[in-house]
Amino acid sequence: MRVIVVGAGVVGTMHAWHAVSRGHEVVQIERESEARGASLRNFGQIWISGRAGGEELETALRARELWEAIGERVPGLGFRACGSLTPLRTAREVAVAEAAVARPDAAARGYKLLTADEARVLNPALRGAFTAALWCERDAAVEPRTAQLALKEELLTSGRYTYLGGREVREVVGTASVRDDHGDVHTGDAVILATGAWLGGLVRELAGPELPVRRVRLQMMQTDPLGEPLTTSVADADSFRYYPAYRGEALDALNAGQAQDPVAAEHRMQLLMVQRRDGGLTIGDTHEYEHPFAFDTVEEPYEHLTRVVEAFLGRPLPRIRHRWAGVYAQCTDTARVVHRQQVRDGVWLVTGPGGRGMTCSPAIAETTADQLGW
Ligand SMILES: Cc1cc2nc3c(=O)[nH]c(=O)nc-3n(C[C@H](O)[C@H](O)[C@H](O)COP(=O)(O)OP(=O)(O)OC[C@H]3O[C@@H](n4cnc5c(N)ncnc54)[C@H](O)[C@@H]3O)c2cc1C
């Protein structure tokens, strides 16, 4: 079989990975010279902790298995099973964590409620004030800025993989056949459109205006090296307000009884933080849903995140070196893991994994491969 993959983000690259692994030939076409959308702009969190129980958690756990196995073959991914800690400061936050560790699927996630001292054994950099922490052993991380390049290098060694950068796919011209903006036609047995959050143009033409997917914009930052290891990923209790795993009476009580910081509430924020291999910290995030999106980043969310991180670390944050925004595509029914739609003969659109696309892509692509009988 010959598979044409459009888009070189993590969704497209994982489809290419499964097709090549199953012995097929792949041509991957990317509009930019290399991908530079959500797949490079994210935290690189392989995030199990907040996933909804059921299909979403199963997809994430399967994807984590795949990431780990791929990481052994491709060291450039920087896969590490670092786990995550969510430091807790109030009784209401602790109650949400207690409810989480009582979930029937808590063991599958590796949830454990720790004292502050126990948390500091796992992550000595957390010298600030907190009373307890939720540990999620299954959380992991990869290096998003280099992961796609590392995967591409490995795919090229197969001899069955061709990468075409700097070409935009403009139309479907027949069964499993697309034309790019150089006028070249690429024909295969299947075309996967993994075009991320670009929902206009070609995607709108093929899927129609009622695509059940929306765009979400996030602000992020990265610091100079911390000067010491941050051995686990770190979240704050605001993350409980966003992730479906924590829904329930304890979260209702937190929402009703503990006001979110006004800046965090206005920008729909949570703290997520992970250390990069150069020692810098990737820190976020905000959530913006209303269009048109701002074209610039605003400072208040960064000031809020700096305050929260400094309180957990008990020390000043290193200089902020990068600030950026990214946009992902999310199914409007957020319970759905992904939107997979046949849009023409032999042409499938795979988009909308939302804020869990980096986590779930290996399993999403595996499901596509199984469903299409690759
Ligand atoms: C700031 C931020 C933080 C995030 N953090 C995490 C996280 O820690 N963990 C997690 O699991 N998820 C995270 N996510 C979500 C995750 O990054 C996305 O779900 C995922 O990267 C989507 O991958 P994609 O391949 O669909 O899209 P993209 O990475 O955007 O790739 C799509 C590619 O298609 C190309 N393209 C589009 N149209 C065409 C065309 N017509 N022809 C050719 N090429 C085309 C684009 O140029 C682009 O390179 C985050 C997202 C953001 C924005």
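Here are a few things to note about the model shown:
- The condition (being assigned to a loop (DSSP other than H, G, I, E, B), outside the structural domain of G355 (by TED's automatic domain parsing) and open to solvent by 50 Å² or more (accessible area, probe 1.4 Å)) is satisfied by just one residue among A125, A129: A129.
- Single unsatisfied condition, Y111 versus (1) away from the ligand (no atom under 15 Å from the Cβ); (2) out of contact with any Leu (no Cβ under 7 Å at 6 or more places or on another chain); (3) hydroxyl-bearing (S, T, Y): (2)
Yes or no, residue by residue, for (1) under 16 Å from F312 (Cβ atoms); (2) among the small types (G, A, S):
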{"position": "S33", "(1), (2)": "no, yes"}
{"position": "A52", "(1), (2)": "no, yes"}
{"position": "E65", "(1), (2)": "no, no"}
{"position": "A95", "(1), (2)": "no, yes"}
{"position": "A106", "(1), (2)": "no, yes"}
{"position": "A133", "(1), (2)": "yes, yes"}
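Yes/no per residue for (1) under 23 Å from the mean Cα position of the chain (by Cα); (2) within 30 Å of A125 (Cβ to Cβ); (3) not hydrophobic (A, V, I, L, M, F, W, C):
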| site | (1), (2), (3) |
| --- | --- |
| V298 | yes, yes, no |
| T306 | yes, yes, yes |
| L317 | no, yes, no |
| V337 | yes, no, no |
| D345 | no, no, yes |
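- Among the helices (runs of 4 or more DSSP H) confined to region 199-274, the ones with at least 1 residues that are in contact (Cβ under 8 Å) with a residue 24 or more places away in the chain, away from the ligand (no atom under 12 Å from the Cβ) and within 30 Å of L349 (Cα to Cα) are located at 201-207.
- Restricting attention to region 309-338 and to residues that are of a type outside the set (G, A, S), under 30 Å from G53 (Cα atoms) and in contact with a helix residue (DSSP H, G or I) (Cβ under 9 Å, 6 or more places away or on another chain), the residue that is most open to solvent (accessible area, probe 1.4 Å) turns out to be R336.
- Options R179, R215, R204, R170; residue that is on the phi < 0 side of the Ramachandran plot, of a type in the set (D, E, K, R) and in contact with a helix residue (DSSP H, G or I) (Cβ under 8 Å, 6 or more places away or on another chain): R170
- Of the residues making up region 158-189, just one is buried (at least 18 other Cβ atoms within 10 Å of the Cβ), within 26 Å of the chain's Cα centre (by Cα) and among the hydrophobic types (A, V, I, L, M, F, W, C), namely V169.
The values are calculated or read from the model by the stated rules, or taken from the named source; none is laboratory data. All figures in this text were calculated on a predicted structure; none of them were measured in a lab. Using ideal geometry, Cβ is built from the backbone for each residue, glycine included, and neighbour counts are taken over all protein chains shown. Please note that ligands, DNA and RNA were not included when accessible areas were found on the heavy atoms of the full protein model with its side chains. Shrake-Rupley method; radii C 1.70, N 1.55, O 1.52, S 1.80 Å.
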